[in-house]
Amino acid sequence: MTRIAAATPETARIAFEIAPKMARKIARKIAPKIARKIARKIRTGRGLAAAAAAALALSGCATFGNPPASNAGATDAVLATSQTNLTSLGEVITKHPDDPQAYNMRGTVYGEAGRNDQALADFDKAIGLDPKYAQAYANRALIYRKIKKLDLALADDNKALALDANYAPAYLGRGIVYREQGHASEALEDFNKAITLKPDNADAYYNRGLLYQSRQQHQFAIDDFSTAIGLENDNAEPWTARALSYLAIGDVKSASTDLDQAVQLNPQSVRAWTSRGLAYEKLGQKDKAAGSYAKALNIDDKYAPAKAGFARVGGKIGQTYPTF
């Protein structure tokens, strides 16, 4: 097993202050005792920003050309929290400049904030301080994957697994790389291994479901998306993905139900609103379909599938349509 640097008291304190969405991921990357404490913290505080965003962005009707109320307040609050975390972690690093775990945590926060160059710099530093830090290699691989440097991501995931052959996140990360490179068999093998090692990992089921979906194995995909939802039902992506497989097999009613849930979990998802428009279009509910397409176009007025759908159902600019 790879060695994990002991957590400083300051690192543990910062972990309690991380924004809920970030903390859920960060908790997987630090010492188990701290992770359990963070998980308890998350259970009592998670979802507040998402609820605020949903309240601001969802309403009972939509008018194309009249964008939904901004969720800037909720976004600003999350960004402010992120900056506070970065400041606090910077103070920890100043006091403990040789603590690889602190750099790993700050790199994770940078990554969540989309500050990829700074995330890479911190993961480089963590690895420099502890060349056997499997988690830092896997985290750096995630950033490389985000910026489409798949060969570097693959090398880092391989290094993480060479250090710790039972590190499930590295199998998951490598599986995603293999899937994006078109190596379906290798991806499936890695997703299966990740699930065997950590059967409560919703992301592993979701990503294996995406692989099955890409191979038109929709019932297998639906089963995996359902498991992912059962493990973590506040993530819109598995709901949207399952709906697309339901649409593919002709179960339009189940698809519409899933997409109702998806747009409430993520009111800013153009893909979910557009897919919902298609589902209600297929159900013959053109006004509700137009409302969903209008929501998508208010978020991104250049999104071609939403524009085409809005035109198909006779949508008119400036007209109000029901969404629920």
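The values are calculated or read from the model by the stated rules, or taken from the named source; none is laboratory data. Please read these numbers as outputs of a predicted model, since none were measured by experiment. Ideal geometry is used to build each Cβ from the backbone, glycine not excepted, and the neighbour counts take in all protein chains shown.
Check whether at least one residue in the range 109-119 is modelled with pLDDT under 95, part of a loop (DSSP other than H, G, I, E, B) and surrounded by 21 or more Cβ atoms within 10 Å (Cβ to Cβ), and report yes or no.
no
Could you please give the count of residues in the range 121-138 that are under 17 Å from Asp164 (Cα atoms) and surrounded by fewer than 24 Cβ atoms within 10 Å (Cβ to Cβ)?
Final tally of qualifying residues: 4.
Exactly one of (1) at pLDDT 95 or above; (2) surrounded by fewer than 18 Cβ atoms within 10 Å (Cβ to Cβ) is unmet by Ala255. Its number?
The number of the failed condition is (2).
Out of contact with any Cys (no Cβ under 7 Å at 6 or more places or on another chain), farther than 20 Å from Asn233 by Cα and at pLDDT 95 or above: is that true of Lys282 in this structure?
Yes.
Here is a list: Ala228, Ala243, Ala204, Ala221. Which entry is assigned by TED's automatic domain parsing to the domain that holds Ile299, at negative phi and among the hydrophobic types (A, V, I, L, M, F, W, C)?
Within the list Ala228, Ala243, Ala204, Ala221, the selection yields Ala243.
Does the range 288-296 include one or more residues that are farther than 17 Å from Gly60 by Cβ, modelled with pLDDT of 95 or more and part of a helix (DSSP H, G or I)?
Scanning the range 288-296, I find no residue that is farther than 17 Å from Gly60 by Cβ, modelled with pLDDT of 95 or more and part of a helix (DSSP H, G or I), so the answer is no.
Exactly one of these conditions fails for Gly291: (1) closer than 30 Å to Lys198 by Cα; (2) buried (at least 22 other Cβ atoms within 10 Å of the Cβ); (3) small (Gly, Ala, Ser). Give me its number.
(1)
In the range 132-160, how many residues are among the hydroxyl-bearing types (Ser, Thr, Tyr) and assigned to a helix (DSSP H, G or I)?
2
Restricted to the range 227-240, and to residues that are of a type in the set (A, V, I, L, M, F, W, C) and buried (at least 24 other Cβ atoms within 10 Å of the Cβ), which residue is nearest to Ala204 (Cα to Cα)?
Restricting to residues being of a type in the set (A, V, I, L, M, F, W, C) and buried (at least 24 other Cβ atoms within 10 Å of the Cβ), the top hit is Ala228.
Check Gly250 against each of (1) surrounded by fewer than 24 Cβ atoms within 10 Å (Cβ to Cβ); (2) assigned to a helix (DSSP H, G or I); (3) without any contact (Cβ under 8 Å) to a residue 60 or more places away in the chain and name the one condition it does not meet.
(2)
What are the residues in the range 178-193 that are part of a helix (DSSP H, G or I) and over 15 Å from Lys149 (Cα atoms), if any?
Ala184, Ser185, Glu186, Ala187, Leu188, Glu189, Asp190, Phe191, Asn192, Lys193
Among Ala121, Ala113, Ala126, which is the only one that is touching a Ser or Thr at 6+ places or on another chain (Cβ under 6 Å) and assigned by TED's automatic domain parsing to the domain that holds Asp98?
Ala113
Which of the residues that make up the range 294-310 are closer than 17 Å to Ala279 by Cβ and either touching an Asp or Glu at 6+ places or on another chain (Cβ under 6 Å) or surrounded by fewer than 15 Cβ atoms within 10 Å (Cβ to Cβ) (or both)?
The answer is Ala308, and nothing else.
State yes or no: is Tyr321 farther than 23 Å from Asp203 by Cα and hydroxyl-bearing (Ser, Thr, Tyr)?
Yes.
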